[in-house]
Amino acid sequence: MAAARASGSLCRTRKRAGGGGQRAAGSPPSSARGRSGGSPPGGTMLSRQSPPARVRVCVRLRPGSRGAPCVRGLDSRSLELSHWRDRRVTLRYQFDTFYGDRATQHDVYTGSVQPVLGHLLEGQNASVLAYGPTGAGKTYTMLGSPEQPGVIPRALRDVLQMTREASCSPGAEEWDFSVSMSYLEIYQEKVLDLLEPSQQDLPIREDRDRNILIPGLTERELRGFGDFERHFLPASRNRTVASTQLNNRSSRSHAVLLVRVARSQRAPPHRHHVAKLCLIDLAGSEDNRRTGNRGLRLKESGAINASLHVLSKVVDALNQGLPRVPYRDSKLTRLLQDSLGGSAHSVIIANVAPEQHFYFDTLSTLNFAAKSKQVVNRPFTQETLQAPAARKRPREDPGAGSEDAGPGAKSPPEEEPPEAEPLSSLLPLEQLDPRLVQRLLVLEQLEKQQGGAGRRLPLLSTPRRERVAVLRQLEETRRELQKLKERQKEWEAGALLDKACQPKPLPHSEAPAAAQNQTVVLPLQQVETPVGQQALPSGAEGILVIQRKQGQAAAGAENRAPGWELVPRPDLLARSRENLLARLNRGDAKELQALRHIGGMRAQRILAWRQQHGPFSQLGDLQQVEGMTARHVASFLKANLLRALGCDPPPPPAQ
């Protein structure tokens, strides 16, 4: 017997007439490092970690069409692959389950998929992934036929049945269950919505708890299996398919069905669980020499093979414990971040074809499946708790400290505060965000409907006394704001009067040469000046004025009253900074060059940085632009902010 080399969990043997044997050349590691996607406990978020769960891998063999098969099952877990040149050389694999060509849809579902669905009611994620080459039966495994339904319809039927039984079980009357679905495809590295078809590429985001989200993806609520069929069947026809030489209806995209199961507690502390079920039908890897792809089909095939290659790199990185896992190298792996090395109970169904001409595709699929079963996930349950409402203090018994009061004496009725006005009447609605105003009005309308005629419910579930105190404080704040507005109007009127009394300046060309170098004396404000202080300069009503020390002179202060330093008000300064930031984020090259200390070269660098990194979040980000040091940014901000406030500094002296 001659032994050959093998890798992972497979062995290679050579058979001869009259004897045979095998020798293991290696064994897989006992565990692999995964990545947890949960948030630490604390605040209103509670996270309960579960024991690590290895990714379960099963292999399903499609019935053969013609010729001698190259795959043969040994038992319910093992199979062997015959070499395409010498059939005496075989590769032996062992997985969690092996389904032969006579296995039914029911066998695959009950044996591998149904056991992981129970974790959804515990608030833990689950994922089912169909992998394999084109024409190996992945779509049939996931969808099936009207006579033999696949994994997706069977899983949805069981999930809806589980939520109904859980809501009707003893002690479950305080819980509300809801099930919803979303359906998408990844076509040429674009995430497309199948429930509401459009050409818009949806983004993939990750929240602070490391949960994968897709903003803008359509979500449909499911109250029964009829709702699922009404939404899913039309959406399935929106998936991109095409005909190749190996398959009449070849999937040209990865299809992902997201099922969201939520459980909410009606009574305090209002616990809330959300679990996600991902049912993924991957597009098959393709050999363009056998599929005959040309033009658009060739481009689609390249995108499919590239994403599957990144998927294999992710599995390798998880098994090797590398510090960086390349999830972001592909939209597919980014979406599967919870399924591989994340927080889900994952099942991979590897579909293979028995024909000899599928040998290399089958070999690649079995090698990927052997690597995937070493990946370890770390499921957890994330629970949201609502803050408990403030408890009412018990009333003091007035008879406890009185000798004349008997045990049956009643306490005097508590004085009812006057009925408070609606919150919308105490707020300046015209100055608020329209969306906030709409929510406020809807909340008040809900109060009136639930409270009945002549009675209002406590706003935001607060006690009546606290609500009245808050409303009174709001009323006082509103009066203070009104006083400030009146004072602002008086200041503006005084500033306009001072401006009208000033003489109109002559043009620079008509002004006498001797007068250009003279100090311009501004009219002083007519106020009572304390002893030992100077009068404030005119036009300083809206700015803070600070007196300079003796002997401190400002360079180039010919156009201001001597002895004073003008400092902008904080609100005006903040508004000017916001306007300057908006101009940096929205202005073109010409508008940027109009700013102080920004030339043509720096304007182009700002546009290039903005195109690469997005808009500036704050003015200090200018230091990240090439050629903009902290000193340059400080000079830029000082010049432009003073210019926006009407306090222009003099131009820098000529070099």
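Summary table
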read-out	value
Asp201/Thr384 FRET efficiency (R0 30 Å; Cβ-Cβ; nearest 0.05)	0.45
Alpha-carbon centroids, region 311-387 and region 250-267: separation in whole Å	18 Å
Cα-based equivalent ellipsoid, region 185-287: semi-axes from gyration tensor eigenvalues, Å	31, 17, 12
Prolate/oblate/rounded label for region 139-229 (Cα gyration tensor, a/c 1.5)	oblate
Å² of accessible area per residue within region 314-378, as computed with a 1.4 Å probe and no ligands counted	28 Å²
For region 326-377: rounded, prolate or oblate by the Cα gyration tensor [a/c cutoff 1.5]	prolate
Pairwise label distance in nanometres, Glu492 with Arg48, each label 7 Å out on the Cα-Cβ vector	6.0 nm
Pairwise label distance in nanometres, Leu322 with His632, each label 7 Å out on the Cα-Cβ vector	3.7 nm
Förster radius 35 Å - calculated FRET efficiency between Leu484 and His597, Cβ distance, rounded to 0.05	0.50
Mean accessible surface per residue for region 135-190, computed with a 1.4 Å probe while every protein chain stays in place, in Å²	43 Å²
Extension gain from Asp86 to Glu174, taking 0.36 nm per residue of separation minus the Cα-Cα distance	25.1 nm
Filter on Lys483/Lys638; Lys489/Lys590; Lys190/Lys590; Lys138/Lys331; Lys276/Lys313; Lys299/Lys373 - keep pairs with C-alpha separation over 27 Å	Lys483/Lys638; Lys489/Lys590; Lys190/Lys590; Lys299/Lys373
Chymotrypsin sites (Phe, Trp or Tyr not before Pro) within region 45-125, DSSP loop, no more than 16 other Cβ atoms inside 10 Å	Trp84
Label-point separation in nm, Arg164 to Asn248, each point 7 Å along Cα→Cβ	3.6 nm
Listed peptides 145-158, 620-633 by packing density, highest first (mean Cβ within 10 Å)	145-158, 620-633
Percent carbon-and-sulfur accessible area, region 213-267, ignoring ligands, DNA and RNA, probe 1.4 Å	44 percent
Extension gain from Leu233 to Arg72, taking 0.36 nm per residue of separation minus the Cα-Cα distance	54.4 nm
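The values are calculated or read from the model by the stated rules, or taken from the named source; none is laboratory data. All figures in this text were calculated on a predicted structure; none of them were measured in a lab. We place every Cβ from the backbone using ideal geometry, glycine too, and count neighbours over all the protein chains shown. Calculation scope for accessible area: heavy atoms of the full protein, side chains included, ligands and nucleic acids excluded. Shrake-Rupley method; radii C 1.70, N 1.55, O 1.52, S 1.80 Å.
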